[in-house]
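Structure first, then comments.
Any read-out appearing in this document is the output of simple, stated calculations on the displayed coordinates, not a laboratory observation. The structure displayed is predicted, hence computed values, not measured ones. Please note: Cβ atoms are built from the backbone with ideal geometry, for glycine as well, and neighbour counts cover all protein chains shown.
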Amino acid sequence: MKKFILLTILSVFFSNAQSILTYNFKVNPGSEGQIGTLFSEYHGKYKRKSGGVILQRVRFLNDVSHRIIVYGDPKNWGYVDGRPEMAWQAYVRGTRLHRSAAKGSYTAKSMYWKSGDREKYNVGRQWLFKAKSPSKYAAAYVKFAKAIEPIIGERMMGVGKIEMGDLNGATHYTVFYGESMQDLDVMADKIRSSKAYQEFIKTNGGTDLLVSYMVTDLIEI
């Protein structure tokens, strides 16, 4: 019965899954301000039908300094009033003066997301890994995430399935947000000492961790 209820919950989550596009790049030294201005001017002008777009700072990932995440309902994608091609080309040309391409971009489907206070908790740690049993991992993660809600409060966490991208065989990602790097370390110790975490490790089917890194939300539109 418990298994049936959990599978029902998972089917609801997955049927409403958000599409995620993640674009990695490296900003030229001293050009962070110009990138932020161009991002705000362009994405602030054209309203999306669903979801949003986030500019993030990236740390501890080789040759990547920033990334842009675009997310939304795949059935309601794009812009409310369209997007002039000339405006898009001007935006691309402008940003190219201040950045270079970087590896690790990907597309994904969000499988579970716990919302919270993103303004306060805007520093995240992300893991890319290969799940040995995707169905077991998804079920175990959702159960685990709900069990630790009293511990993490308004911090956010989520898991998603990677659809496309050259990520050395990664099949999934997880992300956990906190107030700072120190806050993330403190919360990680609390979570690892919980019964819910020990149960999660036993039941998730096993994973091969490929890489982990940190992100900081800079601008969200």
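Numbers for the structure displayed
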{"item": "Ranked packing of 172-185, 91-104, most packed first, by mean Cβ within 10 Å", "result": "172-185, 91-104"}
{"item": "Set of aspartates and glutamates near Lys45 by C-alpha distance (under 15 Å), chain-local residues within fewer than 8 positions excluded", "result": "Asp81, Glu85, Glu220"}
{"item": "For the chain: rounded, prolate or oblate by the Cα gyration tensor [a/c cutoff 1.5]", "result": "prolate"}
{"item": "Placed amide H near Tyr112: partners under 5 Å, 5+ positions off or other chain", "result": "Val159"}
{"item": "Phi-based couplings in Hz for segment 99-115 (Karplus 6.51, -1.76, 1.60; Gly and Pro marked x)", "result": "8, 9, 5, 9, 7, x, 5, 7, 10, 8, 10, 6, 9, 7, 9, 9, 7"}
{"item": "Cross-link reach list, lysines versus Lys49, counting only Cα pairs under 27 Å and skipping chain neighbours closer than eight places", "result": "Lys75, Lys109, Lys114, Lys120, Lys161"}
{"item": "R0 of 41 Å, Cβ-Cβ distance Asp208-Met86: FRET efficiency to nearest 0.05", "result": "0.35"}
{"item": "Under 14 Å from the Glu41 label point (7 Å along Cα→beta-carbon), backbone N, segment 86-124", "result": "87-98"}
{"item": "Computed [θ] at 222 nm, helices only, for the chain once each DSSP H run of length n ≥ 4 contributes -39500 (n - 2.57)", "result": "-11000 deg cm²/dmol"}
